[in-house]
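Heads up, the thing below is written out as structure tokens.
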Amino acid sequence: MQEGSDPRAQQTPRHEAEARIIIWIFEEYAKGRSPKDIAVELNGRIPAVPGPRGAKWRDTAIRGHVSRGTGILNNELYIGRVVWNRREYRKNPDTEKRVARPNDRDDWVVREQSDLRIVSDALWTSVKKRQLEVEQSFSHTTTNRLNKAHRPQYLLSGILECAHCYGPYAIMAKDRYGCTNRKKKLPTDHLGGIVCTNSKTINRFELEERVVSAVPDNLLGADNLDRINRDIKAAVARGQQRAVVEPERLRTEITAIVTKQKAIGEKIAERLMAGHAAIPALDHMLDELEHQRLTLASQLARDAINSRTRGDTTP
């Protein structure tokens with residue numbers, strides 16, 4: 001697609017509806033509407049407009065995180081740019097869940113693929129400009145302490161949830177906690193797609209006093225201290241086990257990648273010797289495998305450095 005051409009022109013019938021929604025979101029945000037207002041309108045449309053993965057639209061799905069490239073407004077795929085290796089995932093040995101960690105920008109793999117473009121450069125630039133203006137306005141605001149950039153962290157920040165919709169409970173007004181889903185008018189799937197009806201709020205100081213007064217009896221009892229001691233010992237043991245297992249796992253993966261590289265290289269050589277044309281996909285597979293190998297090797301080296309820094313004796 002030529003720069004400045006209409007990105008709607010190359011859409012297939014199957015994806016035209018989705019593309020129009022994406023473009024509309026970009027246009028509305030560039031005009032000054034908030035992600036919350038956009039999400040509320042999309043959820044209220046008849047017929048319904050399904051959100052990401054078929055769920056209801058949420059402002060966070062639209063806003064995302066600029067530096068991480070998440071969210072509708074930061075998805076470079078819409079301007080025909082495919083980005084790999086933006087993050088790496090590691091399993092938390094305590095929770096057994098994968099945790100995303102951002103990679104350095106130098107480690108990203110970027111490819112231009114113009115046939116995927118649905119948002120023009122001009123519209124993308126307008127959105128990026130407004131995001132920057134919003135960020136700057138938050139960083140310079142001192143009067144409204146409810147702005148996220150200046151929101152204080154309290155004793156119970158980030159650990160409260162609504163008993164009705166299980167959404168987060170946060171500061172809604174001066175020193176009062178309330179349901180975030182209700183305030184943002186966000187539909188909840190397990191409530192049948194309606195907005196949470198829990199309008200109750202509670203004074204922060206009252207709630208904190210209740211929690212603090214309950215801590216000594218429930219946390220510092222002899223039985224609980226024994227349990228905490230056992231948990232600490234178990235966590236240390238898991239860390240020591242991981243120090244042994246993780247390097248071996250990385251070496252095994254690197255060996256498997258090298259084996260695949262050799263097999264593909266031999267296949268390419270056989271084709272060339274037989275006079276057959278080269279297959280770009282095989283070259284691409286080699287490049288991808290080499291990138292994976294370098295990433296794992298770098299991770300293995302970092303783990304070794306960290307192990308020596310901690311004074312571990314495990315090789």
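Read-outs: derived from the displayed coordinates by stated rules, not from any lab. Source: prediction; values computed, not measured. Cβ placement follows ideal geometry from the backbone for every residue including glycine, while neighbour counts extend to all protein chains displayed.
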Report the FRET efficiency, 1/(1 + (r/R0)^6), for Glu248 and Ala277, where r is their Cβ-Cβ distance and R0 is 51 Å, rounded to 0.05.
-> 0.80
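Among 128-137, 111-120, how do they line up by average Cβ neighbours within 10 Å per residue, starting with the highest? Provide the component values of the computation, followed by the final result.
On the way: 128-137: 12.9, 111-120: 15.4.
Descending mean neighbour count gives 111-120, 128-137.
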Mind checking which lysines have their Cα closer than 30 Å to the Cα of Lys91? Skip sequence neighbours fewer than 8 apart in that chain.
-> Lys56, Lys148, Lys233, Lys260, Lys262
